[in-house]
Each structure stands twice: as structure tokens, then as C-alpha cells.
Amino acid sequence: MPTALLNRSRLAHALCLILAFANLFSTSTAAQQRRRAVNAPSAAKPVRLVVGIVIDQFRYDYLTRFHDQFGEDGFKRLLNGGAVFTNANYIHVPTYTACGHATFMSGATPSMNGIIGNEWYDRDSGKRITSVTDGKVKLVGGRDGAAGMSPSRMLGSTIGDELKLATGGQAKVIGISLKDRSAILPSGKHPNGAYWYDMNTGNLVSSTYYFSDLPEWVKKFNKEMRPDRFFGKRWEKLLPESAYQRSTADDMPYEKFSAGNKFPYLINGGEEVPGPRFYTQFQYTPFANDYLVDFAKAAIEGEQLGVDDTTDLLTVSFSSNDLIGHNYGPYSQEVQDVTLRTDRTLAEFFNYLDRKIGLDRVLIALTADHGVAPVPAHAQQFGLGGIVEPKSVTEAVQNALNKSFGDEKWVLDFYNGNVYLDEAAIERRKLNVEEVERVASQAVERVEGVAECFTRSQILSGRLPQTRIARSVANGFHARRNGNLVVVPQPFFFIAEGITTTHGAPYTYDTHVPVIFYGAGIAPGTYYSDASPADIAPTLATLLKIETPSNCVGRILSEAIKAK
Ligand SMILES: [Zn+2]
């Protein structure tokens, strides 16, 4: 180092020390300090509203594959002005809707938050239950006396809960979606309300977990019967024909939907006037996303979200992308079109937020709850994949256990990738559970299309290989709720029947999703480091200066946080 420079740095060091001492001994009154805080020119304005957006079944590659066909104010606004994580993957299986939505605002994996699937076999009742089933509550705003839903099965807190705790309950928290679980799980234990779509009536409904009657603004919204405005409308391609050449042919034989398999789709449910079949079909169109944005605006106005410096939270989950994706697959023209239309829908929503609150006072976090596998018939053209019929797994277990231990109805259920064995029978026969699981597991691993099978004993004792798949299985395993075996298919295979395509695996097409932050306090940039949707909640907690949700396992995405 040249002497002159060295001297200058020594001088700077000495000056710093003098200044530090001066500060230490200066006396400043509380009033002076307050004035200084008010006058500080760079003090960031408080975040008035956090908008948590989930697009149901939205692979990261939708952002790159269709990028040139996006407008400027939708996805591109986030991609150009936000913090974009290009390599965010779920670290749990199964990659299902309820699990992804539970992770979103908790930063917890299913092993921690207990949401191990959309539905699972409940050993206590001997029945399958959903992630939001709650026998103690009733539906509000739908059919009288219909069963309600709640977040009671979710363990631990979310960003919404921590905001409530931090503000003496003043923060307002709302969750909305077409799907019950997607409205309920992100908004946490104690929101002002969670609302989802009732396909019998076309209304937004809730449950007695939250309140005994819908707020007036929701009643008013429902009274307008907005889905009816789309009755008899056609879903046509947004762009000219040539824009869709990157996707598969419009009418692939495996595509299926009640309105046919080819554009344009007439949306009337086959009914003369709007009824349950139309309201059901409506969800499978991009127009239902616009309807949800209309409801988001009604919520912002009805609940006065973002009007003051107490941070509020609105979670919005767009379900139609998933319903369309299951019917057509990720390489279809329909998925391309709903993606392009979602871009326009988001643009409209962001412009509204800017007008209403100002995007510099809004913090947006966007992700997806999972991706999706290519349709097996399509993947097979490229030498990839197939289907594992569920009964091939149960038969393999039954046969192996009958042979080794005697005839019994060993399998209580095979669901959600989990085999639940009859533990009463194992006890009655005085067998060693670990041994029974091992024999069953070996049989499952011989089934065509199965990659690996993990046993409960193996997972709980931590005797797992150090692989990405094993880690995902352990992160998805809750000791009281999972089965005796967890079955993982080979890449591009899935365990399901009667469906065009699905998700649930620990492979990139199911795990790789967008994680994007935009707005107040965010350092724009494209970040290639490993990330996960479980990192969203701790990052938000840090930005909002509140406690991290209780069961969080994610890391703070410090790259995304603007330096002070
Ligand atoms: Zn989903």
C-alpha cells in the first residue's frame, strides 16, 4: 500500500474514533432524538400493506418461456424491479397445494406445521380428512349447515399471526382464494377473515371459525353475482395463433375439460341459466382470476387495508392456473394462455395497488405452491416417464406381508404417497413394526416406476441417506400424521389415475417455483443462489421487524433486503 494512502487511512481511522467519542459524550434528550428520527431524510416509509401472492401450480419456467409475451406492468414489473430468485425449490414432499400454502407464510415444512397433504388418512377416525377439515365449525354464506373449514390442523404461527401479536391485534389480515385451503392456511390462525369460492352458489364464503355472519362488504360483493357476467362468454386465445407455436397442438387427445379440449371454450356449464355446473366450470377459466382480483379490491376497500402505518396483510391465491394445468399440462396452449392472461390480471391489480396505496408503501411477495409434471403421454414422446397405478403399490405390500407374516388386510390406506399399515394387526400378531415396514418397503421398491420407499422407523430414527430426496421426505414427514411408508416415484412418473397430469414429487418440475419480492425495502436484482419458498416468511418478518413465525426453517434472503 502506498505511504500516502496508508497515512490517509490512518487519519480517517483517527477521525472516526474522535467522532465516536464525541457521540458517546454528547447528551441528547428524548425530544431531540425524536426530532432527528422525523427529520432523517432516508428513513423508509413504513410498509402499509403486504400482498402475498400464490399462483397455484406455476413453474418457474413459465416466467422464462413466455417472457417475450408479457406486458410491462405484470410479471415484468416484478422481474425488472424486484428481487428475483431464479433457483427457488421446495424442500419438502409431497409438493401439494395445502403444503405449499402452509409453508408460504410460516416458513415451515410439513414436518413442522403438520400440513402433510391436501388430504390424509387420519388414524384416529379411520377416515381421510382434508388439511382444513374442522367438525366444530360451519360454513358461512353458503348452504345452511354445510361443514366448515378452519386452520386448526396447522401448527404454529404465520406472518399474519406475528403481525397481530406485534400490533396488539391492530394489523388487519385477510386471506382469499377460490380454494378453501389456499385462503385459510396462508392467513393463519387469527385473521380478520378467510374467504373462498363456493361452487354451488358462485359466492365467496367463510366459516364460523372466523365469524358467525359475513361482513357487509362481502355480502354486497356476493349480491352482485359477478361470475354471472361471464356466463356464455368464450375463452379465446389472447394472442394471434402464431404466438402459440411453442406449445403443443391445441387439441391433444389427453386434454380434457367439460367444455371440450379446443379453443374457443364456451363457458356456460351446459346450462341455460347460471347454476352449479356453470359455477364449477367458471373456476377452470382465466376469468376466475379476474373475479378474485375484483374481490381483492373489495377486501382492500371493505377492510380499509393499507390506509395507515400499521402494516396489514392480504394473501391472494389464484387457483384457476392449477385447475387448468391439471387438465392440459404445462406445455399446452391453454396453460400458455392462462399464464399470459394472469400477467394482464396482475398488471391490473398492481396498477390498482399503486393508485390506491402507492407501490412504494406495498410489499409484494410472489410464489407458487408447486409446479407440475409434463403429461406422461407427452413426456413419453421424449423418452421420459409414465404412471404408477396406486393399486400396484398396495398389492405389492399386501402380497409381501401376507407371504412373510400371514394373511391380513395389512393396508388401511394408500394416499398422499403414504401407506398406512394396520398397526393393530401388527401388535396382535406380536410382530416388530420396523421389520414389517422393511419387508413392505422392499416390495414397493420393486414396483415399476417407483424410485425409493422410506419407512417411518427409518425417518424417525434419522437413518436416512444424505440425498435431496431423503431430505425432502423427512421435511414432509410429521410423526403423528404420516404413514408407515413414503413412496417416491421415479422422475416423470406419478402415482395417480384418472387425471391428465399432476404434481407431488421432489423433482424440479414440481419443486422449482418463482420467489419474488417487490416494493418497500427490497433490493432489486436477479439472484441465482439456492432459495426456497420457506425463506419467504423469515425474510418478510425481518423486513417488517416482527418475530419470525414459530416453526420457521427457512433462511433470511438477505440479498433481497435493501441496505440502510
Ligand atoms: Zn396447488
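The values are calculated or read from the model by the stated rules, or taken from the named source; none is laboratory data. Quick caveat, the model's predicted, so the values are computed rather than measured. A quick note on method: Cβ atoms are made from the backbone with ideal geometry, for glycine too, and the neighbour counts reach across all protein chains shown. Areas reflect the complete protein model, heavy atoms only, side chains present, ligands, DNA and RNA absent. Shrake-Rupley method; radii C 1.70, N 1.55, O 1.52, S 1.80 Å.
Residues that are under 27 Å from the mean Cα position of the chain (by Cα) and within 16 Å of the ligand (Cβ to nearest atom): list the strands (runs of 3 or more DSSP E) wholly contained in the stretch 219-326 that include at least 1 such residues. So that I can check it myself, show each step before the final result.
On the way: elements: 233-235, 265-267, 312-318.
Once the strands (runs of 3 or more DSSP E) in the stretch 219-326 are filtered for at least 1 residues that are under 27 Å from the mean Cα position of the chain (by Cα) and within 16 Å of the ligand (Cβ to nearest atom), what remains is 312-318.
What is the residue count in the stretch 250-304 for residues that are of a type in the set (K, R) and in contact (Cβ under 8 Å) with a residue 24 or more places away in the chain? Full working, then the answer.
Going residue by residue through the stretch 250-304, those that are of a type in the set (K, R) are 256, 262, 277, 297.
Keeping just the survivors that are in contact (Cβ under 8 Å) with a residue 24 or more places away in the chain gives 256, 297.
So the count comes out to 2.
When the residues of the stretch 43-75 are filtered to those that are open to solvent by 40 Å² or more (accessible area, probe 1.4 Å) and in contact with an Asp or Glu (Cβ under 7 Å, 6 or more places away or on another chain), which remaining residue is nearest to the ligand (Cβ to nearest atom)?
Top of the filtered list is R48.
Which of the residues spanning the stretch 139-186 are of a type in the set (S, T, N, Q) and either away from the ligand (no atom under 16 Å from the Cβ) or in a strand (DSSP E or B) (or both)?
Passing the criteria: S150, S152, S157, T158, T167, Q170, S177.
Which residues, taken from the stretch 92-131, are assigned to a loop (DSSP other than H, G, I, E, B), buried (at least 24 other Cβ atoms within 10 Å of the Cβ) and within 16 Å of the ligand (Cβ to nearest atom)? Write out each step before concluding.
Just the residues of the stretch 92-131 that are assigned to a loop (DSSP other than H, G, I, E, B), to begin with: 92-96, 105-109, 114-118, 123-126, 131.
Then drop every residue that is not buried (at least 24 other Cβ atoms within 10 Å of the Cβ), which leaves 92-96, 105-109, 115-117, 131.
Result: H92, V93, P94, T95, Y96, M105, I115, I116, G117, S131.
Which numbered condition in (1) in contact (Cβ under 8 Å) with a residue 60 or more places away in the chain; (2) in contact with a Ser or Thr (Cβ under 6 Å, 6 or more places away or on another chain); (3) within 18 Å of F287 (Cβ to Cβ) is the only one that L239 fails?
For L239, the exception is condition (2).
Of the conditions (1) within 30 Å of S472 (Cα to Cα); (2) modelled with pLDDT of 95 or more; (3) in contact with a helix residue (DSSP H, G or I) (Cβ under 7 Å, 6 or more places away or on another chain), H326 satisfies every one except a single condition; which number is it?
(3)
Mind checking whether some residue in the stretch 388-397 is under 20 Å from T95 (Cα atoms), in a loop (DSSP other than H, G, I, E, B) and more than 16 Å from the ligand (Cβ to nearest atom)?
yes
For the stretch 367-374, state whether one or more residues are open to solvent by 10 Å² or more (accessible area, probe 1.4 Å), touching a strand residue (DSSP E or B) at 6+ places or on another chain (Cβ under 8 Å) and within 16 Å of the ligand (Cβ to nearest atom).
So far as the stretch 367-374 goes, no, none of its residues is open to solvent by 10 Å² or more (accessible area, probe 1.4 Å), touching a strand residue (DSSP E or B) at 6+ places or on another chain (Cβ under 8 Å) and within 16 Å of the ligand (Cβ to nearest atom).
Restricting attention to the stretch 145-199, and to residues there that are of a type in the set (D, E) and under 20 Å from F295 (Cβ atoms), which single residue is most open to solvent (accessible area, probe 1.4 Å)?
Looking only at the stretch 145-199, we keep the residues that are of a type in the set (D, E), and these are 161-162, 180, 198.
Remaining after also requiring under 20 Å from F295 (Cβ atoms): 180, 198.
Working: D180: 32, D198: 17 Å².
Top of the filtered list is D180.
Do you know which residues across the stretch 522-556 are more than 20 Å from the chain's Cα centre (by Cα) and not polar (S, T, N, Q)? Please lay out each step first, then the result.
First, pick out the residues of the stretch 522-556 that are more than 20 Å from the chain's Cα centre (by Cα): 522-529, 542-547.
Of everything in the stretch 522-556, those that are more than 20 Å from the chain's Cα centre (by Cα) and not polar (S, T, N, Q) turn out to be I522, A523, P524, G525, Y527, Y528, L543, L544, K545, I546, E547.
Out of (1) within 21 Å of G269 (Cα to Cα); (2) open to solvent by less than 40 Å² (accessible area, probe 1.4 Å), what's the single condition that is false for E224?
Here E224 clears every test but (2).
Would you call R341 of a type in the set (D, E, K, R) and within 23 Å of the chain's Cα centre (by Cα)?
Details: of a type in the set (D, E, K, R): yes; within 23 Å of the chain's Cα centre (by Cα): yes.
Taking the combined requirement at face value, the residue satisfies it.
Quick one: count up the residues across the stretch 284-313 that are among the polar types (S, T, N, Q) and in contact with a Ser or Thr (Cβ under 6 Å, 6 or more places away or on another chain). I'd like the intermediate steps shown before the answer.
Just the residues of the stretch 284-313 that are among the polar types (S, T, N, Q), to begin with: 285, 289, 304, 310-311.
Now restrict to residues that are in contact with a Ser or Thr (Cβ under 6 Å, 6 or more places away or on another chain): 289, 310.
Adding up the residues that qualify gives 2.
Scan (1) more than 16 Å from the ligand (Cβ to nearest atom); (2) assigned to a loop (DSSP other than H, G, I, E, B) for the single condition D337 breaks and write down its number.
The failed condition is (2).
Which of the residues that make up the stretch 501-519 are open to solvent by 10 Å² or more (accessible area, probe 1.4 Å), away from the ligand (no atom under 14 Å from the Cβ) and part of a loop (DSSP other than H, G, I, E, B)?
Y507
Among P491, P465, which is the only one that is open to solvent by 50 Å² or more (accessible area, probe 1.4 Å), in contact (Cβ under 8 Å) with a residue 40 or more places away in the chain and of a type outside the set (V, I, T)? Break it down stepwise before answering.
Details: P465 fails: in contact (Cβ under 8 Å) with a residue 40 or more places away in the chain.
After applying the criteria, what remains is P491.
Across the stretch 499-511, what is the number of residues that are under 30 Å from V362 (Cα atoms) and out of contact with any Gly (no Cβ under 6 Å at 6 or more places or on another chain)?
Applying the first criterion (under 30 Å from V362 (Cα atoms)) to the stretch 499-511 yields 510-511.
This time we only want the ones that are out of contact with any Gly (no Cβ under 6 Å at 6 or more places or on another chain), so: 511.
Here the count works out to 1.
Would you check if T548 is at pLDDT 95 or above, surrounded by fewer than 22 Cβ atoms within 10 Å (Cβ to Cβ) and not in a loop (DSSP other than H, G, I, E, B)?
Working: at pLDDT 95 or above: yes; surrounded by fewer than 22 Cβ atoms within 10 Å (Cβ to Cβ): yes; not in a loop (DSSP other than H, G, I, E, B): no.
No, not satisfied.
Test F517 against the stated conditions and say whether it is hydrophobic (A, V, I, L, M, F, W, C), under 30 Å from D124 (Cβ atoms) and touching a strand residue (DSSP E or B) at 6+ places or on another chain (Cβ under 9 Å).
Numbers: hydrophobic (A, V, I, L, M, F, W, C): yes; under 30 Å from D124 (Cβ atoms): no; touching a strand residue (DSSP E or B) at 6+ places or on another chain (Cβ under 9 Å): yes.
No, not satisfied.
Condition first: open to solvent by 60 Å² or more (accessible area, probe 1.4 Å), at pLDDT 95 or above and either more than 16 Å from the ligand (Cβ to nearest atom) or under 30 Å from R246 (Cβ atoms) (or both). Can you find one or more residues in the stretch 76-89 that meet it?
Scanning the stretch 76-89, I find at least one residue that is open to solvent by 60 Å² or more (accessible area, probe 1.4 Å), at pLDDT 95 or above and either more than 16 Å from the ligand (Cβ to nearest atom) or under 30 Å from R246 (Cβ atoms) (or both), so the answer is yes.
Considering the stretch 418-438 alone, what residues qualify as being open to solvent by less than 20 Å² (accessible area, probe 1.4 Å) and touching a residue at least 24 places away in the same chain (Cβ under 8 Å)?
Let us first name the residues in the stretch 418-438 that are open to solvent by less than 20 Å² (accessible area, probe 1.4 Å), namely 418-421, 425-426, 436-437.
Hits for the stretch 418-438 are N418, V419, Y420, L421, V436, E437.
Please count how many residues of the stretch 49-74 are more than 19 Å from I324 (Cα to Cα) and touching a strand residue (DSSP E or B) at 6+ places or on another chain (Cβ under 8 Å).
The total comes to 4.
Assuming V473 fulfils every condition listed in (1) of a type outside the set (G, A, S); (2) over 21 Å from the mean Cα position of the chain (by Cα); (3) not in a loop (DSSP other than H, G, I, E, B) apart from one, which condition is it?
Of everything listed in (1) of a type outside the set (G, A, S); (2) over 21 Å from the mean Cα position of the chain (by Cα); (3) not in a loop (DSSP other than H, G, I, E, B), V473 misses just condition (2).
Step by step: first the residues of the stretch 340-358, then only those that are of a type in the set (A, V, I, L, M) and within 23 Å of L163 (Cβ to Cβ), then the one that is farthest from the ligand (Cβ to nearest atom). Which residue is that? Spell out the reasoning first.
To start, the set of residues in the stretch 340-358 that are of a type in the set (A, V, I, L, M) comprises 340, 346-347, 353, 357.
Narrowing further to those that are within 23 Å of L163 (Cβ to Cβ): 353, 357.
Working: L353: 24, I357: 28 Å.
Result: I357.
Look through Y210, Y195 and report the one residue that is within 16 Å of L314 (Cα to Cα) and part of a loop (DSSP other than H, G, I, E, B).
On the way: Y195 fails: part of a loop (DSSP other than H, G, I, E, B).
On inspection, the qualifying residue turns out to be Y210.
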